[in-house]
1. Loop-only check: which trypsin sites (Lys or Arg not before Pro) in the range 78-137 are DSSP coil with at most 13 other Cβ within 10 angstrom?
2. Quick check on my link table: of Lys129/Lys173; Lys117/Lys166; Lys100/Lys173, which ones sit more than 21 Å apart, alpha carbon to alpha carbon?
3. May I ask for the net charge around Val135, where only other residues with Cβ less than 10 Å from the Cβ of Val135 are counted and Lys, Arg are +1 while Asp, Glu are -1?
4. Give a quick list of GluC sites (Glu not before Pro) in the range 79-183 that DSSP marks as loop, anything other than H, G, I, E or B, with at most 12 other Cβ atoms within 10 Å.
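What follows draws every value from the coordinates through simple rules; no lab data is involved. Predicted, not measured: the structure shown is a model, and the values here were computed from it. All Cβ positions, even for glycine, are placed from backbone atoms using ideal geometry, and neighbour counts span all protein chains on display.
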Amino acid sequence: MKGGRVNSAGKHVEGGCFFYFTRTKYPPVVSADLIINHHRERGITVSLRNLLRLVLAVGVCGTIGPVWAYDPSPNIGGDLSACDQVIFSTFTPPPFSAEKNNVTVAPNSEFSFLASKTTTSASITVKIKEEKVPVTVTSVGYGYQVKGKLPPSIKGSYIRLDIFAKGPSDCDKTDGWLLKVGN
């Protein structure tokens, strides 16, 4: 028999499908020899590489389908922790950088930054060299504006303004920025 397959009535049929199922009283069985021989007769060689590609494609399709169906509830924690929602931004004066912002600020200068709405406003604290700096926290439409002044005792050095605050579920968030203070 060259190519083709045998149908359920026992007649030889040209063409056919990729898999041959034999009809017995047992469950259907796929014979790899029939597949390979069928393709060899048609001039198609089944290499190990092509077989691996097929297995990989079927495996990927089988695992990606359930992933697309996954939709976590926005009320469940997920990958982002509650403190990732606490954001500090718009630092003034801008953070010191030797390449981008090589600016020296005067002692006793004002500073400010914005804190997101998820920040607990009463918990916002600013420290310079482990000393607490008095700040005023004002509610604005998109969060809180925090203002303060550099201590007059700090002169001629680099300082880091450290920000501490609490977010949802009482989590701790820290941030800050570097300033170069002149004499």
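1. Lys100, Lys129
2. Details: Lys129/Lys173 18 Å; Lys117/Lys166 11 Å; Lys100/Lys173 26 Å.
Listed pairs above 21 Å: Lys100/Lys173.
3. Values: positive: Lys132, Lys147, Lys149; negative: none.
Summing Lys/Arg as +1 and Asp/Glu as -1 gives +3.
4. Answer by residue number: Glu99, Glu130.
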